Amino acid sequence: MKNIPNILTIFRIILAPVFVVVFFSGKENAYNLALVVYVLASFTDFLDGYLARRYNLITELGKVLDPFADKVMLITVLICLYIWGRIPLVIPVVVVVKELFMIVSGLILYLRKERMVIPSNIFGKSATVIFMLSIMLLMLYPDNDNLVYLLYLAVLVKIIAFISYRITYVRNKKAAN
């Protein structure tokens, strides 16, 4: 596999357990080191997409791996932040339920042999950016309780993105029939 974007995506998947180990290492600077791991993972998320589009390196594997890596990292970090006591349980639960619904829906479409790909839209991209920034800020300023509201905003935008993807799917399905 000599596709750099796919290698970066796999690296991001590997960074999820690294984040957990560093986060719970008990070292004095554990949260700062975990933040560095998270920033690196976030950077690879932007870089792999940029390289894939810029150099026409988009692959079927990448189309599956990239969103999977995003989900793994986001859910991992949210669970860690919950265990740390920085965010309420409702945030990781809503995200996990939404992502499980997306996975199950994708499997159903795959089994039905529906090969419709719905590209990311402004809501999905915005949710990703808001999640990344709010997580980084929560880790930088753990004593600022108001930062959790940024995560609520990210969850809201993620739900709006989900609804917009569903609407796009229904429209595309009607147009195909």
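The values are calculated or read from the model by the stated rules, or taken from the named source; none is laboratory data. What you are looking at is a predicted structure, and each value in this text was computed from that prediction instead of being measured. Don't worry about glycine lacking a Cβ; one is built from the backbone with ideal geometry, like all the others, and counts go over all protein chains shown.
What residue, of Leu111, Leu40, Leu35, Leu107, is at pLDDT 95 or above and more than 20 Å from Ile10 (Cβ to Cβ)?
Of the residues listed, the single one that is at pLDDT 95 or above and more than 20 Å from Ile10 (Cβ to Cβ) is Leu35.
Which of (1) closer than 18 Å to Thr76 by Cβ; (2) in contact with a helix residue (DSSP H, G or I) (Cβ under 9 Å, 6 or more places away or on another chain); (3) exposed (fewer than 15 other Cβ atoms within 10 Å of the Cβ) is the odd one out, the single condition Arg115 does not satisfy?
It is condition (1) that Arg115 fails.
Answer yes or no: is there a residue in segment 39-47 that is part of a helix (DSSP H, G or I), over 16 Å from Lys125 (Cα atoms) and among the charged types (D, E, K, R).
no
Determine whether Ile130 is crowded, with 18+ Cβ neighbours inside 10 Å and at pLDDT 95 or above.
The answer is yes for Ile130.
May I ask you to verify whether Ile135 is buried (at least 18 other Cβ atoms within 10 Å of the Cβ), among the aliphatic types (A, V, I, L, M), closer than 28 Å to Tyr38 by Cβ and modelled with pLDDT of 95 or more?
For Ile135, the condition - buried (at least 18 other Cβ atoms within 10 Å of the Cβ), among the aliphatic types (A, V, I, L, M), closer than 28 Å to Tyr38 by Cβ and modelled with pLDDT of 95 or more - is met.
Which of the following residues is at pLDDT below 95 and not polar (S, T, N, Q): Val77, Val64?
On inspection, the qualifying residue turns out to be Val64.
Look through segment 114-126, keep the residues that are farther than 15 Å from Arg166 by Cβ and not in a loop (DSSP other than H, G, I, E, B), and return whichever of them is modelled with the lowest pLDDT.
Per the criteria, the residue is Lys125.
Just to be sure I understand, how many residues within segment 84-100 are in contact (Cβ under 8 Å) with a residue 12 or more places away in the chain and either surrounded by fewer than 19 Cβ atoms within 10 Å (Cβ to Cβ) or hydroxyl-bearing (Ser, Thr, Tyr) (or both)?
Summing the residues that are in contact (Cβ under 8 Å) with a residue 12 or more places away in the chain and either surrounded by fewer than 19 Cβ atoms within 10 Å (Cβ to Cβ) or hydroxyl-bearing (Ser, Thr, Tyr) (or both) in segment 84-100 gives 5.
Please work out which one of (1) of a type outside the set (A, V, I, L, M, F, W, C); (2) farther than 24 Å from Arg171 by Cβ; (3) in contact with an Asp or Glu (Cβ under 9 Å, 6 or more places away or on another chain) is the condition Pro92 fails and give its number.
The single condition Pro92 does not satisfy is (3).
Report, ordered by the first and then the second residue, all pairs with beta carbons closer than 8 Å, sequence separation of six or more or different chains, a first member in segment 21-43 that is within 24 Å of Val129 (Cα to Cα), and a second member that is among the hydroxyl-bearing types (Ser, Thr, Tyr) and assigned to a helix (DSSP H, G or I).
Taking only residues 6 or more apart or on different chains, the pairs are Phe23/Tyr31.
Within segment 48-63, track down each residue that is in a helix (DSSP H, G or I) and either surrounded by 13 or more Cβ atoms within 10 Å (Cβ to Cβ) or in contact (Cβ under 8 Å) with a residue 40 or more places away in the chain (or both).
Asp48, Gly49, Leu51, Ala52, Leu61, Gly62, Lys63
Select, from Ile91, Ile87, the only residue that is closer than 30 Å to Asn32 by Cβ, of a type in the set (A, V, I, L, M, F, W, C) and in contact with a Phe, Trp or Tyr (Cβ under 8 Å, 6 or more places away or on another chain).
One residue alone meets the criteria, Ile91.
Somewhere in segment 78-92, is a residue farther than 24 Å from Gly26 by Cα, within 17 Å of the chain's Cα centre (by Cα) and not hydrophobic (A, V, I, L, M, F, W, C)?
No: zero hits.
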